[in-house]
4 protein chains.
Amino acid sequence: MNKKAVAIVGLGYWGPNLARNFDDLAELRWLCDASPDALERFGARYAQARTTTDLDEVLADPELDAVVVATPAVTHYELAKRALEAGKHVLVEKPPAMNAAEAEDLVATSESSGRVLMPGFLLLYHPAVQKVKELVASGELGEVFCVYSNRQNLGKIRTDENALWSLGIHDLSVVLHLLDEEPSEAWAHGNAFLTPGIEDVVFCYLRFPSGKIAHMHLSWLDPHKMRRITVVGREKMVVFDDMELDRKITVYDKAPEQPSDSYGEWRTRTGDIFSPKVPNDEPLKLECQHFVRLVQEGWDGREMHDGLEVVRALGLLTESLRG
Amino acid sequence: MNKKAVAIVGLGYWGPNLARNFDDLAELRWLCDASPDALERFGARYAQARTTTDLDEVLADPELDAVVVATPAVTHYELAKRALEAGKHVLVEKPPAMNAAEAEDLVATSESSGRVLMPGFLLLYHPAVQKVKELVASGELGEVFCVYSNRQNLGKIRTDENALWSLGIHDLSVVLHLLDEEPSEAWAHGNAFLTPGIEDVVFCYLRFPSGKIAHMHLSWLDPHKMRRITVVGREKMVVFDDMELDRKITVYDKAPEQPSDSYGEWRTRTGDIFSPKVPNDEPLKLECQHFVRLVQEGWDGREMHDGLEVVRALGLLTESLRG
Amino acid sequence: MNKKAVAIVGLGYWGPNLARNFDDLAELRWLCDASPDALERFGARYAQARTTTDLDEVLADPELDAVVVATPAVTHYELAKRALEAGKHVLVEKPPAMNAAEAEDLVATSESSGRVLMPGFLLLYHPAVQKVKELVASGELGEVFCVYSNRQNLGKIRTDENALWSLGIHDLSVVLHLLDEEPSEAWAHGNAFLTPGIEDVVFCYLRFPSGKIAHMHLSWLDPHKMRRITVVGREKMVVFDDMELDRKITVYDKAPEQPSDSYGEWRTRTGDIFSPKVPNDEPLKLECQHFVRLVQEGWDGREMHDGLEVVRALGLLTESLRG
Amino acid sequence: MNKKAVAIVGLGYWGPNLARNFDDLAELRWLCDASPDALERFGARYAQARTTTDLDEVLADPELDAVVVATPAVTHYELAKRALEAGKHVLVEKPPAMNAAEAEDLVATSESSGRVLMPGFLLLYHPAVQKVKELVASGELGEVFCVYSNRQNLGKIRTDENALWSLGIHDLSVVLHLLDEEPSEAWAHGNAFLTPGIEDVVFCYLRFPSGKIAHMHLSWLDPHKMRRITVVGREKMVVFDDMELDRKITVYDKAPEQPSDSYGEWRTRTGDIFSPKVPNDEPLKLECQHFVRLVQEGWDGREMHDGLEVVRALGLLTESLRG
């Protein structure tokens, strides 16, 4: 199969990582950025790629198959839409849009154009998340009661987007992927301590029609360094801890029990603890491979609809936070 | 100074621990319980104590100084009130009352009777909590931004009170003690998975007039065993981790920084990590000693007013949880 | 089956634990100690037991089946021998003797008397040690290369026996049990820092005819609290960590590999990590049950011969240490 | 001050790291390696450096100040000696020589030539090791009883040098640096499981004239990943744990105590636990800076004599290991 021709739009913080991966997986045909310096630097590294500051020049190239949008978040919607309308497949960095209306418009544009629209929710391609999803889907955990994430650190303090948009979007994409439901309630609480209007600490609570619940504890003002997602099932519990080297996933065979002879008294059962080997593959590489596969082999729209659900939930949480 | 004469009312799960301590610190004069079996068992152990199933007999004893109420939670208010009205000092197990109206009535009764009313918020007497309070009060942490607790486990599953009342009341008493403010907002979210109406998992968010925030993550359906309170200050951060043997308290010299030359860019500072030695004294013994001291040396009502604040906040959270 | 009649000889530090267990498992017929105070105290607790300071009185009792020796270590040999000669079965605390000659004499006495002689190597009855033994014996670990133990702490500082005899005897019994070989070389190195002649820190190295090796790091002057035994097999590695609550045993599917295409270059394989549930049964109870079973159901002498091997190896290590 | 002109001899695994650092700190004047491919690759990266496969050409350059030897270990002695004889200062990778005779000859050559000879014991330049040295030297720990290291992992399995030479040399350099004594006894025990003659697991014990002791546990066949050095002092204990991110150093205020009223009974004291901030500077950069400083500012021979002591102790341990 011929390699697909790809353009990288945006060469700031994250774009270069995408360029590096697509240089392996596809034909890196265009590099586009507003900064001539960035174009010169990456143009030297990827000599076969053309460089331009003009997106129209990129989109006018009939040989180009796909556009990867890695520009600042507020421009994602517009650039992704233009690329779709030009008949290009699109991988757009998270968030794909700033609100549900924009996201719905992108979905409609993708559908009418017949082109792939895949949002870059990196964590969904993490082998450990895929393992957790398998465990949930297989029924091994029993009915899932609760999913919660802890993304805390004394880390990069942003002044342009709050902890919900900067940190929580990762967890939100995983929560919705694992539960495969849209929330019926969404609450967010938090406070901006350092920069007015930019919440440093945010707590989110979601409730789903099935009765499942989810929670996210998000903070860049914290003494603990945590990147953890916990799934509490009726029969087993699973933890994905991204700070661990060798135990990314741990399955606890622990559960409440109501013995028939205990007259309504609950007891607990504690059994084996198991950390299956999780492959070390780079999530970004797996994400890029997935996009190439969708472009080459066809697509049912799932990633795009999932992305829409994330944007919708993010909108509900933002409303609640502003509340 | 003569030993004060104390009655223990309620010899179920917790009462015997109180009896053991007051047998050391005071004259254990009465044991009162509805169960003749319990009276017989503990009467044998504390031969000098009189036993009865009739509280009136206890309260009628003119030699009795104080009553310790360790009965089921729903009876605390009524029994504490009767004891105060009989002119006895009262140590009442948590919660001292089931709602703010009852708690306010207890406070009024205590004031009119001139007798001590001390609620048994055990964690306030933990040497580690007292150390955290010192650190907060001394200003060493800088302005406090956020206090949050994690009380999670696959632990005792209750069918009579939910995780907020069973687990959260401990943390709530500490949060209010540390911040010395009453919340202006109180949100609680959670779900009952095992027993209808009894939430197994509860998340609470509090906001204070000063802008400080607090959060509690409470669950008895959890793979992690956590009993932890984290205080995030502007200059330092402190963790009280009750699962640690030798590092109950850890002070992190970590903070956000905004260097004058960074044009609004925030950086972070990470310095020493310090775990001061915390005495191993049993919190319950310290609590009982404190009560005896209040009875003997006089009292300004602080513990009672603090208890009222805890009951009020618990009421707000319960309302929010019920939605 | 009738309960066997047992005498506890020695009611110092450890004897009372044995008394408590044999009170459940057998008829506690005699308590014997040089201290009238101890006899009075425990005589009150176990009212059905006779008390005496005279061992001959105990041994003369024709109804007595077995003697449990829990006196100071230097007396174990003599008392166990007297009991065997009197026709009693014997459970003798570790070390059963102070040197190989004594131990061999005990074995001979046991054989000629036809009575059980079981040394109280407590750790052999720990469910986790039995699980490790199963893993070794089943071949799941592949060929065992190395077993090593870490028994370190700032703990009880003895002035009567060194770290090898006080701490190392536990590990040594496990090492020999797991490997089922007697060492061909035994080296011990260490130093006495606090009490002349009493080594606080000891390192032991054993080499076995099969090429396997073992090591013990023993210290009561250490900042780490470790009670850990590690077994390195050709295919898997196992750790028994007695400081863990829920992961007493962890099996690592980790091994060196020499792929056929790597021209002699070694690689490593890292797979699943597994902590099987280990029962919480008290090792001492299991030890006492085992002794009762041997007395009731007959015996092939294995425990006695294993004990002889431990004493022999301890003798070799002591010689090396004295150097 | 003018930049010193430096030659890097050996561009295999480690040499490129040295080249990168000296390119910052000095004039990188020569790159010398037997492989034309390596010369071409690094010659392109450091365009100002001359390349050659002929060491004589390097040593003949009168403008060259110093030579950095990063070739295979068995060649270190000869190349360092030739460079010193040519009047160049020398930084030689560890081990500087394969035995004490060679090392003594290097020292003599350095002294007669008046040129710096610095062995590259990387760990000595780790800020955490320097902090531990400070703590020892200041007397804060009290008399040092014991230093021991754990360097264990399922890691790179070598077939050319054993765990003592590959792993232990790091710890040995630190132990001797901390204690500032030469050992009076040196024992090593271990076994070669995978490659004949190449011990995979080695235990080393050293005893010093002052009575201090040291131990090293070295293995590349181990389930634990440990890089840890523990110092047990009479008053405090210190741990350097290189697997920790934020607690490289921990000082435990823990000690044995013999109260005057305890009749010879030892107790233990447990106080604060403290992890001072340790700078994140790269040890190799600090090592290279140190060498440049010695060349520029003069030198008393300490590093060379320390290196000789490490080689001597390594020789004693190797003899003991060979039995």
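The values are calculated or read from the model by the stated rules, or taken from the named source; none is laboratory data. Since this is a predicted model, take the numbers as computed values, not measurements. As a convention, Cβ positions derive from the backbone with ideal geometry for all residues, glycine included, and neighbour counts pool all protein chains shown. All accessible areas refer to the heavy atoms of the entire protein, side chains included, with ligands and DNA or RNA removed. Shrake-Rupley method; radii C 1.70, N 1.55, O 1.52, S 1.80 Å.
Taking H as built 1.01 Å from N, whose amide H comes closer than 5 Å to the amide H of residue A:144, not counting residues under 5 places away? Result for residue A:144 returns A:234.
Shielding value for A:228-240 is 2, the average number of Cβ atoms from other chains within 10 Å of each residue's Cβ. Placing R0 at 41 angstrom, the Cβ-Cβ distance between residue A:289 and residue A:261 gives a FRET efficiency of 0.15 after rounding to 0.05. Coupling constants for region C:82-92 follow from the phi torsions by the Karplus curve (6.51 cos²θ - 1.76 cosθ + 1.60, θ = phi - 60°), and in residue order they are 4, 5, 4, 5, 7, x, 9, 6, 10, 10, 10 Hz; glycine and proline get x.
Put a dot 7 Å past the Cα of residue B:185, heading toward its Cβ, do the same for residue C:53, and the two dots end up 7.7 nm apart. For a test of the definition: using alpha carbon positions, the gyration tensor, and the 1.5 limit on a/c, classify region A:115-224 as rounded, prolate or oblate. Prolate, since a/c reaches 1.5 and a/b exceeds b/c.
Given axes a ≥ b ≥ c from the Cα gyration tensor, I'd like to know whether the protein assembly as shown is rounded (a/c under 1.5), prolate (a/b larger than b/c) or oblate. Oblate shape, in that a/c is at least 1.5 and b/c is the bigger or equal ratio. Label-to-label distance, residue C:40 versus residue B:2, with points set 7 angstrom from Cα along the beta-carbon direction: 3.4 nm. For region A:107-112, backbone phi angles converted through the Karplus equation (6.51, -1.76, 1.60; θ = phi - 60°) give residue-by-residue couplings of 4, 4, 5, 4, 5, 5 Hz, Gly and Pro being listed as x. Mind running the shape call on chain D? Use the C-alpha gyration tensor, a ≥ b ≥ c as the square roots of the eigenvalues: rounded below 1.5 for a/c, prolate if a/b tops b/c, oblate otherwise. Note, shape of chain D comes out prolate.
Using the Karplus curve 6.51 cos²θ - 1.76 cosθ + 1.60 with θ = phi - 60°, work out ³J(HN,Hα) for each residue of region C:211-221 in order, rounded to whole Hz, and write x for Gly and Pro. Taking θ as phi minus 60°, the curve returns x, 4, 10, 9, 8, 9, 10, 10, 6, 10, 10 Hz for region C:211-221. In nanometres and ascending order, the distances from the residue B:234 label point to those of the other copies are 4.7, 5.1, 6.6 (point 7 Å from Cα along Cα→Cβ). Inter-chain Cβ neighbour count for D:136-147, averaged per residue, equals 1 (cutoff 10 Å, partner chain atoms only).
Each of residue C:159 and residue A:210 was given a label point 7 Å from its Cα along the Cα-to-Cβ line. The distance between the two points is 6.7 nm.
Of the residues D:87, D:139, D:271, the one that moves most in a GNM of chain D with alpha-carbon contacts below 10 Å is D:271. Remark on residue C:118: its backbone amide H falls under 5 Å from those of C:90, C:91, C:92, a criterion applied only to residues 5 or more positions apart or on other chains, H modelled at 1.01 Å from N. Placing a label point 7 Å from Cα along the Cα-to-Cβ axis, residue D:265 is separated from the same position in the other copies by 4.0, 6.2, 6.3 nm, shortest listed first. Heavy-atom accessible area buried between chains D and B is around 1200 Å² (1.4 Å probe, both sides summed). Chain D holds its axis-closest Cβ, relative to the rotation onto A, at the residue and whole-Å distance D:245, 6. Excluding ligands, DNA and RNA, the accessible surface per residue across chain A is 40 Å² with a 1.4 Å probe. Among the trypsin sites (Lys or Arg not before Pro) within region B:91-170, those in coil by DSSP and having at most 14 neighbouring Cβ atoms inside 10 Å are B:156. Using a 10 angstrom cutoff on alpha carbons, build the Gaussian network for chain D and name the most mobile of D:264, D:142, D:233. In this elastic network of chain D, the residue with the biggest mean-square fluctuation among D:264, D:142, D:233 is D:264.
Placing a label point 7 Å from Cα along the Cα-to-Cβ direction at residue C:24 gives distances to the equivalent points in the other copies of 2.8, 5.9, 6.4 nm, listed shortest first. Of A:65, A:242, A:56, the residue with the greatest mean-square motion in the GNM of chain A, using alpha carbon springs below 10 Å, is A:56.
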